[in-house]
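A short worksheet on the structure shown next.
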Amino acid sequence: MEVDEIVKCVIIGSGPAGYTAAIYASRANLKPVLYQGIQPGGQLTITTEVENYPGYEHGIQGPEMMVDFEKQAKRMGADIRFGVVTKVDFSSVPYKLQIDEGKWIAAHSVIISTGASAKWLHLESEQRLNGFGVSACAVCDGFFFREKEVAIVGAGDTAAEEALYLSKLCTQVHLFVRRNEMRASKIMQDRVLSKENIKVYWNTETEEILGEKKVEAVRVKNNKTNQTQTIPVSGFFVAIGHQPNSEIFKDWLTMDEAGYVKTVPGTSKTNLEGVFASGDVQDKIYRQAVTAAGSGCMAALDAERYLSEKGIH
């Protein structure tokens with residue numbers, strides 16, 4: 001294949017991890033090239049108020065925060081480009097990456113910050129009210145529903161954890177489980193079932209989220225009896241899992257059963273030297289903007305050390 005250019009460091013993805021990696025890599029004179037991907041700014045661009053990122057005393061809108069990150073990375077000298085990495089060839093160094101199914105570039109180091117996407121129910125109302133009462137992150141947004149009633153859908157450990165988290169803030173948590181049992185670990189199920197203000201609805205499907213400009217209620221159906229009911233709520237949380245955006249790397253990198261890229265504990269190193277992973281594509285536990293940013297910093301520092309050891313200046 002014909003390569004159009006060779007660079008020292010390519011960063012794939014433009015959320016907190018990618019932009020932070022770009023800031024650090026630029027300051028280390030790695031002259032990083034960052035491809036923003038299909039959703040410049042990542043998941044924070046579909047988040048409204050962010051109140052838990054340090055330094056923003058009064059909170060900030062997610063999209064505005066990502067603009068700040070991008071501007072800072074550009075000021076440091078990062079080469080930020082529109083474009084999606086559609087294929088990679090990690091068979092030899094420098095590694096090769098295809099951009100928008102067209103040109104190929106080569107890189108002596110690669111930082112993967114492609115994130116993860118929340119799985120949704122694919123309801124029209126869910127997408128329309130996303131950010132207006134609909135959320136895929138209780139830790140991010142639960143604070144806004146203090147002393148209110150909320151609903152959450154899911155049956156695994158994540159759903160159980162988020163229901164318990166919400167139960168500390170909200171007056172009532174309605175948990176919808178599609179089957180007659182949960183997939184969550186026994187200890188998490190016991191905690192959920194013993195919590196007085198969590199009400200579990202078994203064999204229950206979400207039909208529609210109701211509200212014009214914000215969430216006002218949810219209509220659910222029992223798939224055994226076919227009975228429907230409408231429950232007034234102010235927030236609706238989807239906790240049916242995340243999908244790491246790692247598909248194009250599956251032939252090259254070691255991943256867990258869910259597709260999260262495995263890194264050496266305490267580092268951003270993958271199974272291939274010179275390839276590093278940061279942010280939600282390798283983190284299924286915390287998934288916060290601040291932890292993603294921290295891991296982006298780690299990836300840039302790891303890349304800098306790697307290139308230095310290889311004598312690439």
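The values are calculated or read from the model by the stated rules, or taken from the named source; none is laboratory data. The structure presented is a predicted model; accordingly, all values stated were derived computationally and were not measured. Cβ atoms come from the backbone with ideal geometry, glycine included; neighbour counts cover every protein chain shown.
Entry remark, region 211-237: residues being in contact with a helix residue (DSSP H, G or I) (Cβ under 7 Å, 6 or more places away or on another chain) and part of a strand (DSSP E or B) number 2 in total.
Within region 140-165, being in a helix (DSSP H, G or I) and either of a type in the set (A, V, I, L, M, F, W, C) or more than 20 Å from residue 48 (Cβ to Cβ) (or both) holds for 140, 143, 144, 145, 157, 158, 159, 160, 161, 163, 164. When region 266-313 is limited to residues that are assigned to a helix (DSSP H, G or I) and charged (D, E, K, R), the one that is surrounded by the fewest Cβ atoms within 10 Å (Cβ to Cβ) turns out to be 309.
When residues in region 252-300 are screened for being free of Cβ contacts under 8 Å to residues at least 12 places away in the same chain and either outside the structural domain of residue 113 (by TED's automatic domain parsing) or over 23 Å from residue 161 (Cα atoms) (or both), 4 of them pass.
The set of residues in region 171-210 being more than 26 Å from residue 130 (Cβ to Cβ), part of a loop (DSSP other than H, G, I, E, B) and under 26 Å from the mean Cα position of the chain (by Cα) consists of 185 alone. Would you check if residue 25 is within 23 Å of residue 305 (Cβ to Cβ), touching a Pro at 6+ places or on another chain (Cβ under 7 Å) and in contact (Cβ under 8 Å) with a residue 12 or more places away in the chain? So residue 25 fits the description; yes.
Within region 108-142, restricting attention to residues that are touching an Asp or Glu at 6+ places or on another chain (Cβ under 8 Å) and surrounded by fewer than 16 Cβ atoms within 10 Å (Cβ to Cβ), the residue that is farthest from residue 244 (Cα to Cα) is 139.
When residues in region 1-31 are screened for being within 12 Å of residue 75 (Cα to Cα) and at pLDDT below 95, 0 of them pass.
Of the residues making up region 100-135, those that are touching a Lys or Arg at 6+ places or on another chain (Cβ under 8 Å) and not hydroxyl-bearing (Ser, Thr, Tyr) are 101, 104, 105, 106, 107, 108, 116, 129, 132, 133.
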